[in-house]
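Presented below is the structure to which this report refers.
The values are calculated or read from the model by the stated rules, or taken from the named source; none is laboratory data. These numbers were taken from a predicted model, which means no experiment stands behind them. All Cβ positions, glycine included, derive from the backbone under ideal geometry; neighbour counts span all protein chains shown.
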Amino acid sequence: MKKEQTSWFSPSLNKEMPIAVYGDYGFALLLVPTAAADYLEYERFQLLEQIAPFIDSGKVKVYSIDSINNESWLNNNINPRDKSIRHQQWNNYVFTEVIPFIRNSSSAETPIITCGASFGALHSMNLFLKRPDLINGVIAMSGVYDLSEYTKGHFDDDVYFNSPWHFMQNLTDHNVLEQIRRSSHIHILTGSGSYEDPAASGRFAKVLYDKGIWYELDVWGQEWPHDWNTWRAMLPHYLGTRF
(Lines give C-alpha, C1' and ligand atoms only; values in the text may rest on other atoms or scores of the structure.)
Protein backbone atom coordinates (compact mmCIF):
# COMPACT_ATOMS: atom_id res chain seq x y z
CA MET A 1 0.00 0.00 0.00
CA LYS A 2 1.50 3.28 -1.12
CA LYS A 3 1.68 5.95 1.58
CA GLU A 4 2.81 9.56 1.44
CA GLN A 5 2.91 12.15 4.21
CA THR A 6 3.03 15.87 3.81
CA SER A 7 2.12 19.00 5.73
CA TRP A 8 1.68 22.70 5.26
CA PHE A 9 1.28 25.76 7.43
CA SER A 10 -2.45 26.32 7.63
CA PRO A 11 -3.56 29.97 7.37
CA SER A 12 -6.93 28.94 8.80
CA LEU A 13 -5.44 27.40 11.95
CA ASN A 14 -2.13 29.27 12.14
CA LYS A 15 -0.18 26.05 12.62
CA GLU A 16 1.45 23.24 10.68
CA MET A 17 -1.08 20.57 9.72
CA PRO A 18 -0.01 17.11 8.51
CA ILE A 19 -1.88 14.76 6.22
CA ALA A 20 -1.31 11.12 5.24
CA VAL A 21 -2.32 9.91 1.78
CA TYR A 22 -2.74 6.23 0.94
CA GLY A 23 -2.98 4.96 -2.62
CA ASP A 24 -2.94 6.43 -6.12
CA TYR A 25 -6.44 6.27 -7.59
CA GLY A 26 -10.11 5.99 -6.79
CA PHE A 27 -12.66 8.15 -5.08
CA ALA A 28 -11.32 10.19 -2.15
CA LEU A 29 -12.08 8.96 1.37
CA LEU A 30 -11.40 11.78 3.83
CA LEU A 31 -10.79 10.28 7.28
CA VAL A 32 -11.52 12.41 10.35
CA PRO A 33 -10.02 11.13 13.65
CA THR A 34 -11.88 10.23 16.80
CA ALA A 35 -11.90 12.49 19.89
CA ALA A 36 -8.36 13.63 20.74
CA ALA A 37 -6.56 11.58 18.09
CA ASP A 38 -4.33 12.51 15.16
CA TYR A 39 -4.00 11.85 11.45
CA LEU A 40 -2.22 8.50 11.94
CA GLU A 41 -4.81 7.04 14.30
CA TYR A 42 -6.59 4.94 11.68
CA GLU A 43 -3.28 3.46 10.60
CA ARG A 44 -2.18 2.69 14.19
CA PHE A 45 -5.40 0.81 14.88
CA GLN A 46 -5.05 -1.28 11.69
CA LEU A 47 -8.10 0.13 9.95
CA LEU A 48 -5.94 1.05 6.94
CA GLU A 49 -4.69 -2.52 6.86
CA GLN A 50 -8.28 -3.76 6.64
CA ILE A 51 -9.12 -1.54 3.67
CA ALA A 52 -5.76 -2.00 1.92
CA PRO A 53 -7.25 -4.21 -0.85
CA PHE A 54 -9.52 -1.36 -1.92
CA ILE A 55 -6.61 1.08 -1.85
CA ASP A 56 -4.24 -1.21 -3.76
CA SER A 57 -6.86 -1.97 -6.42
CA GLY A 58 -7.44 1.74 -7.11
CA LYS A 59 -11.01 1.80 -5.80
CA VAL A 60 -10.27 4.39 -3.13
CA LYS A 61 -7.57 6.90 -2.26
CA VAL A 62 -7.47 7.78 1.43
CA TYR A 63 -6.67 11.18 2.93
CA SER A 64 -6.26 11.17 6.72
CA ILE A 65 -6.17 14.53 8.51
CA ASP A 66 -5.62 15.84 12.03
CA SER A 67 -8.40 16.93 14.31
CA ILE A 68 -7.97 19.85 16.68
CA ASN A 69 -10.48 18.70 19.27
CA ASN A 70 -7.82 19.13 21.97
CA GLU A 71 -7.74 22.82 21.04
CA SER A 72 -11.51 23.20 20.85
CA TRP A 73 -14.23 21.06 22.41
CA LEU A 74 -11.91 18.94 24.57
CA ASN A 75 -9.85 21.88 25.83
CA ASN A 76 -11.12 22.70 29.32
CA ASN A 77 -8.64 25.54 29.81
CA ILE A 78 -10.22 28.05 27.44
CA ASN A 79 -13.47 29.99 27.27
CA PRO A 80 -16.31 28.01 25.66
CA ARG A 81 -16.76 30.71 23.04
CA ASP A 82 -13.13 30.25 22.01
CA LYS A 83 -13.80 26.54 21.53
CA SER A 84 -16.52 27.39 19.02
CA ILE A 85 -14.26 29.82 17.19
CA ARG A 86 -11.43 27.28 16.98
CA HIS A 87 -13.75 24.65 15.57
CA GLN A 88 -14.97 27.06 12.90
CA GLN A 89 -11.33 27.62 11.95
CA TRP A 90 -10.91 23.85 11.55
CA ASN A 91 -13.96 23.71 9.28
CA ASN A 92 -12.44 26.45 7.19
CA TYR A 93 -9.17 24.50 7.02
CA VAL A 94 -11.01 21.49 5.60
CA PHE A 95 -13.11 23.45 3.12
CA THR A 96 -10.48 25.89 1.84
CA GLU A 97 -7.28 23.88 2.21
CA VAL A 98 -7.87 20.12 2.41
CA ILE A 99 -10.54 19.91 -0.29
CA PRO A 100 -8.39 21.85 -2.81
CA PHE A 101 -5.41 19.63 -1.88
CA ILE A 102 -7.51 16.55 -2.69
CA ARG A 103 -8.68 18.06 -5.97
CA ASN A 104 -5.14 18.98 -6.97
CA SER A 105 -3.78 15.51 -6.16
CA SER A 106 -6.67 13.66 -7.80
CA SER A 107 -8.98 15.48 -10.20
CA ALA A 108 -11.71 18.08 -10.08
CA GLU A 109 -14.31 15.35 -10.73
CA THR A 110 -13.15 12.96 -8.00
CA PRO A 111 -15.97 12.23 -5.53
CA ILE A 112 -15.08 13.02 -1.92
CA ILE A 113 -16.62 10.97 0.90
CA THR A 114 -16.00 11.98 4.51
CA CYS A 115 -15.63 9.21 7.06
CA GLY A 116 -15.06 8.95 10.78
CA ALA A 117 -15.84 7.02 13.92
CA SER A 118 -17.19 8.33 17.23
CA PHE A 119 -16.54 12.11 17.43
CA GLY A 120 -15.11 11.79 13.92
CA ALA A 121 -18.52 10.57 12.75
CA LEU A 122 -20.17 13.78 13.96
CA HIS A 123 -17.51 15.92 12.26
CA SER A 124 -17.72 13.88 9.05
CA MET A 125 -21.49 14.22 8.90
CA ASN A 126 -21.29 17.92 9.73
CA LEU A 127 -18.72 18.64 7.00
CA PHE A 128 -20.83 16.92 4.37
CA LEU A 129 -24.14 18.51 5.36
CA LYS A 130 -22.62 22.00 5.55
CA ARG A 131 -20.97 21.78 2.13
CA PRO A 132 -22.65 19.21 -0.11
CA ASP A 133 -21.40 21.30 -3.03
CA LEU A 134 -17.85 20.21 -2.13
CA ILE A 135 -18.38 16.82 -0.49
CA ASN A 136 -20.35 13.99 -2.07
CA GLY A 137 -21.27 11.76 0.87
CA VAL A 138 -20.41 10.37 4.28
CA ILE A 139 -19.73 7.14 6.13
CA ALA A 140 -20.42 7.85 9.81
CA MET A 141 -19.64 5.07 12.30
CA SER A 142 -20.85 5.04 15.91
CA GLY A 143 -21.70 8.71 15.98
CA VAL A 144 -23.77 11.02 18.17
CA TYR A 145 -24.95 13.91 16.00
CA ASP A 146 -25.78 16.38 18.77
CA LEU A 147 -22.65 18.50 19.32
CA SER A 148 -23.94 19.71 22.69
CA GLU A 149 -23.02 16.25 24.02
CA TYR A 150 -19.41 17.50 23.88
CA THR A 151 -19.74 21.19 24.85
CA LYS A 152 -20.28 20.91 28.62
CA GLY A 153 -23.43 23.01 28.60
CA HIS A 154 -22.20 25.74 26.27
CA PHE A 155 -24.53 26.55 23.38
CA ASP A 156 -24.11 29.36 20.88
CA ASP A 157 -24.76 29.86 17.17
CA ASP A 158 -21.56 28.05 16.22
CA VAL A 159 -22.53 25.04 18.33
CA TYR A 160 -25.96 25.07 16.71
CA PHE A 161 -24.64 25.33 13.16
CA ASN A 162 -22.08 22.55 13.72
CA SER A 163 -24.56 20.20 15.36
CA PRO A 164 -26.35 18.21 12.62
CA TRP A 165 -29.11 17.16 15.01
CA HIS A 166 -29.95 20.82 15.57
CA PHE A 167 -29.44 22.66 12.31
CA MET A 168 -30.83 19.99 9.98
CA GLN A 169 -34.24 20.12 11.65
CA ASN A 170 -34.60 23.76 10.64
CA LEU A 171 -32.73 23.76 7.31
CA THR A 172 -35.00 25.20 4.62
CA ASP A 173 -32.51 26.29 1.94
CA HIS A 174 -33.86 24.46 -1.11
CA ASN A 175 -30.56 24.46 -3.01
CA VAL A 176 -28.61 22.97 -0.10
CA LEU A 177 -31.30 20.38 0.58
CA GLU A 178 -31.36 19.34 -3.06
CA GLN A 179 -27.57 18.97 -3.10
CA ILE A 180 -27.78 16.72 -0.03
CA ARG A 181 -30.65 14.72 -1.57
CA ARG A 182 -28.57 14.01 -4.66
CA SER A 183 -26.06 12.01 -2.61
CA SER A 184 -26.39 8.24 -2.77
CA HIS A 185 -23.86 7.81 0.02
CA ILE A 186 -25.19 8.83 3.43
CA HIS A 187 -24.35 5.84 5.59
CA ILE A 188 -25.14 5.96 9.31
CA LEU A 189 -23.64 2.91 11.00
CA THR A 190 -23.58 1.82 14.62
CA GLY A 191 -23.20 -1.20 16.81
CA SER A 192 -25.47 -2.02 19.74
CA GLY A 193 -22.82 -3.22 22.18
CA SER A 194 -20.93 -1.55 25.02
CA TYR A 195 -20.79 2.27 24.88
CA GLU A 196 -22.69 2.44 21.61
CA ASP A 197 -25.78 4.66 21.26
CA PRO A 198 -27.85 3.30 18.38
CA ALA A 199 -30.79 5.45 19.48
CA ALA A 200 -28.76 8.56 18.63
CA SER A 201 -28.25 7.27 15.09
CA GLY A 202 -31.96 6.50 14.81
CA ARG A 203 -32.99 9.94 16.03
CA PHE A 204 -30.74 11.66 13.53
CA ALA A 205 -31.85 9.38 10.70
CA LYS A 206 -35.43 10.45 11.43
CA VAL A 207 -34.39 14.09 10.95
CA LEU A 208 -33.06 13.23 7.49
CA TYR A 209 -36.19 11.23 6.71
CA ASP A 210 -38.38 14.20 7.60
CA LYS A 211 -36.40 16.31 5.12
CA GLY A 212 -36.87 13.83 2.31
CA ILE A 213 -33.19 12.87 2.33
CA TRP A 214 -32.10 9.37 1.37
CA TYR A 215 -29.87 7.63 3.91
CA GLU A 216 -28.85 4.17 5.02
CA LEU A 217 -29.13 3.37 8.73
CA ASP A 218 -27.45 0.11 9.68
CA VAL A 219 -27.60 -1.00 13.31
CA TRP A 220 -25.30 -3.93 14.07
CA GLY A 221 -25.86 -6.28 17.01
CA GLN A 222 -24.90 -6.45 20.66
CA GLU A 223 -21.58 -8.10 19.83
CA TRP A 224 -20.36 -4.86 18.22
CA PRO A 225 -19.10 -2.33 20.85
CA HIS A 226 -17.95 1.24 20.49
CA ASP A 227 -14.43 0.18 19.62
CA TRP A 228 -11.96 -0.48 16.87
CA ASN A 229 -12.95 -4.08 16.16
CA THR A 230 -16.36 -2.77 15.09
CA TRP A 231 -14.98 -0.06 12.82
CA ARG A 232 -12.39 -2.40 11.31
CA ALA A 233 -15.32 -4.59 10.26
CA MET A 234 -17.73 -1.85 9.20
CA LEU A 235 -15.59 0.20 6.86
CA PRO A 236 -14.31 -2.59 4.59
CA HIS A 237 -17.81 -4.07 4.47
CA TYR A 238 -19.24 -0.81 3.20
CA LEU A 239 -16.42 -0.08 0.80
CA GLY A 240 -16.91 -3.55 -0.64
CA THR A 241 -20.69 -3.55 -0.89
CA ARG A 242 -21.80 0.06 -1.41
CA PHE A 243 -19.11 1.60 -3.61
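How many of the residues in the stretch 94-109 are among the small types (Gly, Ala, Ser) and either modelled with pLDDT of 90 or more or farther than 14 Å from residue 136 by Cβ (or both)?
1
Report, by residue number, each residue of the stretch 121-131 that is farther than 17 Å from residue 200 by Cβ and crowded, with 21+ Cβ neighbours inside 10 Å.
Matches in the stretch 121-131: 127, 128.
List, please: which pairs have Cβ atoms under 6 Å, are six or more places apart or on different chains, and start with a residue in the stretch 152-172 that is among the aromatic types (Phe, Trp, Tyr) and end with one that is in a loop (DSSP other than H, G, I, E, B) and at pLDDT 95 or above?
165/145; 165/146; 167/161
Just the residues that are surrounded by fewer than 20 Cβ atoms within 10 Å (Cβ to Cβ) and among the hydrophobic types (A, V, I, L, M, F, W, C), please, taken from the stretch 141-164.
155, 161, listed by residue number.
Keeping to the stretch 70-118, report how many residues are among the acidic types (Asp, Glu), free of Cβ contacts under 8 Å to residues at least 40 places away in the same chain and within 19 Å of residue 9 (Cα to Cα).
1
Restricting to the stretch 140-174, count the residues that are farther than 21 Å from residue 226 by Cα and either in a helix (DSSP H, G or I) or aliphatic (A, V, I, L, M) (or both).
Within the stretch 140-174, residues that are farther than 21 Å from residue 226 by Cα and either in a helix (DSSP H, G or I) or aliphatic (A, V, I, L, M) (or both) number 11.
Among the residues of the stretch 182-203, what is the count of those that are assigned to a helix (DSSP H, G or I), touching a residue at least 24 places away in the same chain (Cβ under 8 Å) and either of a type in the set (Gly, Ala, Ser) or surrounded by 15 or more Cβ atoms within 10 Å (Cβ to Cβ) (or both)?
The total comes to 2.
Which members of the stretch 101-133 meet the condition of being touching a Lys or Arg at 6+ places or on another chain (Cβ under 8 Å) and among the acidic types (Asp, Glu)?
Passing the criteria: none in range.
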